[in-house]
Amino acid sequence: MSDDLKLGYIGLGNQGAPMAKRLVEWPGGLVVFDVRTEAMTALAELGASLADSVADVAQADVISVTVLNDDQVRDVVGQLAEHAKPGTVIAIHSTIEPDTASELADELHSKGIHIVDAPVSGGAGAADKGELAVMVGADDEAYDKVKPVFKQWASLVVRAGAPGAGTRMKIARNMLTFIGFTAACEASRLAEAAGIDLQKLGRVVRHSDAQSGGPGAIMVRDDTKPLQPDHFVHDMFVHTRGLAEKDLKLALGLGEANGVELPLAEIALRDLAAGLGVPHTSSTTKE
């Protein structure tokens, strides 16, 4: 049944274009629109139909939207809603405000139009290879429709919950990325002051993160409560806590010796134990 669906795609920028290209051979066909005519040319050459306006894309059954910001999302969805038939699914891939998708879903429910928030992670390179991760907020009917479509450009499709949940998951994921970038800048300042070649440090970080999984390696629990001693990661996290605190103290000492302030390292030393779920107690001694 999904093969009979006609697909639409609005917004053919750096992220949207490679995603749309992976849909051009969809059996039900693909219709695309972008305010820049030149952005549609490559899709037309691959076999997509070109729309003259946002409203023309409303003929499709599943419509993806990848535009710049919340205001543009609301504008595009509003135009589509004026023309879309009941059962249409509008999937928003832009990173938007946390409440936008649920608000739009409520507004369009009476028309039988489904709103799905489905932000992606991985960038244009992953889109080219069909290896994006997509975080989906959708009702049951809409999710069943979009999953086989999303599988064309994503190697990981995760249902986060109802409309709005995909966006909340993406916000948390992006927060981790940019805090990680900030920590990388702090580490670079320390390394530079200590006379270390930053290019070589970067090579080591990228290599070791590829082996260890980086921060995602500790994101294996169902909640953030303190761990019981019989939890499957308790002993490992106690070990991790000990290593982290030893190394963070060494880093803070090196920073002090070189006149480099390391506020993120100080926060990590203070908060990591509790974050791991193995907080210190009166009977626990920091190592």
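The values are calculated or read from the model by the stated rules, or taken from the named source; none is laboratory data. Keep in mind it's a predicted model, so treat the numbers as computed, not measured. Backbone-built Cβ (ideal geometry, glycine too); neighbour counts: all protein chains shown. For accessibility, only protein heavy atoms count, side chains too; no ligands or nucleic acids. Shrake-Rupley method; radii C 1.70, N 1.55, O 1.52, S 1.80 Å.
Annotations
- Per-peptide average of other Cβ atoms within 10 Å, ordering 120-129, 203-212 highest first: 120-129, 203-212
- Each Cα pair under 8 Å and six or more residues apart adds its sequence gap; the mean of these over the residue count of region 1-138 is a relative contact order of 22 percent.
- Per-residue ³J(HN,Hα) for region 273-278, Karplus 6.51 cos²θ - 1.76 cosθ + 1.60, θ = phi - 60°, Hz, x for Gly and Pro: 4, 5, x, 6, x, 10
- The residue among Gly213, Leu156, Val233 whose Cα reaches farthest toward the positive pole of the charge dipole of region 125-278, with charges on the beta-carbon of Lys, Arg, Asp and Glu, is Leu156.
- Backbone phi angles across region 6-16, fed through the Karplus curve with coefficients 6.51, -1.76 and 1.60 (θ = phi - 60°), yield HN-Hα couplings of 8, 9, x, 9, 10, x, 10, x, 4, 8, x Hz in residue order; Gly and Pro are listed as x.
- Highest average packing first - 138-144, 148-154, 213-219, 90-96, Cβ atoms within 10 Å: 90-96, 148-154, 138-144, 213-219
- In this calculation the C-beta distance from Arg203 to His234 is compared with R0 = 25 Å, giving a FRET efficiency of 0.15.
- Residues whose amide H falls under 5 Å from that of Glu261, counting only those 5 or more places apart or on a different chain, are absent, with hydrogens built in the peptide plane.
- For the chain, the relative contact order comes to 12 percent (Cα pairs under 8 Å, sequence separation of at least 6).
- Under 5 Å between amide hydrogens, built in the peptide plane, is the criterion, and for Ile113 it picks out Gly87 among residues at least 5 positions away or on other chains.
- Shape of region 158-287, Cα gyration tensor, a/c cut at 1.5: oblate
- Label-point gap, in nm, between Ala44 and Asp75 - each point 7 angstrom along Cα→Cβ: 2.3 nm
- Here mean projected area of the Cα convex hull in nm² was computed from the coordinates, and among (1) 16.5; (2) 18.6; (3) 19.5 the match is (2).
- Packing rank of 101-111, 3-13, 175-185, where each peptide gets the mean count of other beta carbons within 10 Å, highest leading: 3-13, 101-111, 175-185
- Mean separation of Cα pairs under 8 Å and 6 or more residues apart, divided by the residue count, gives region 1-47 a relative contact order of 43 percent.
- Residues whose placed amide H lies under 5 Å from that of Ser64, excluding near-sequence neighbours: Gly8, Tyr9, Ile10, Ala91
- Taking the Cα centre of the chain as origin and assigning +1 to Lys and Arg Cβ atoms and -1 to Asp and Glu Cβ atoms, the resulting dipole is close to 800 debye.
- What the phi angles of region 58-65 give under the Karplus curve with 6.51, -1.76 and 1.60, with θ = phi - 60°, is a coupling list of 5, 5, 6, 8, 10, 10, 8, 10 Hz, glycine and proline written as x.
- Å² per residue, accessible surface of the chain at 1.4 Å: 54 Å²
- Taking all protein chains together and rolling a 1.4 Å probe, Arg22 ends up with roughly 90 Å² accessible.
- Carbon and sulfur %, accessible surface of the chain computed with the full protein complex present, 1.4 Å: 54 percent
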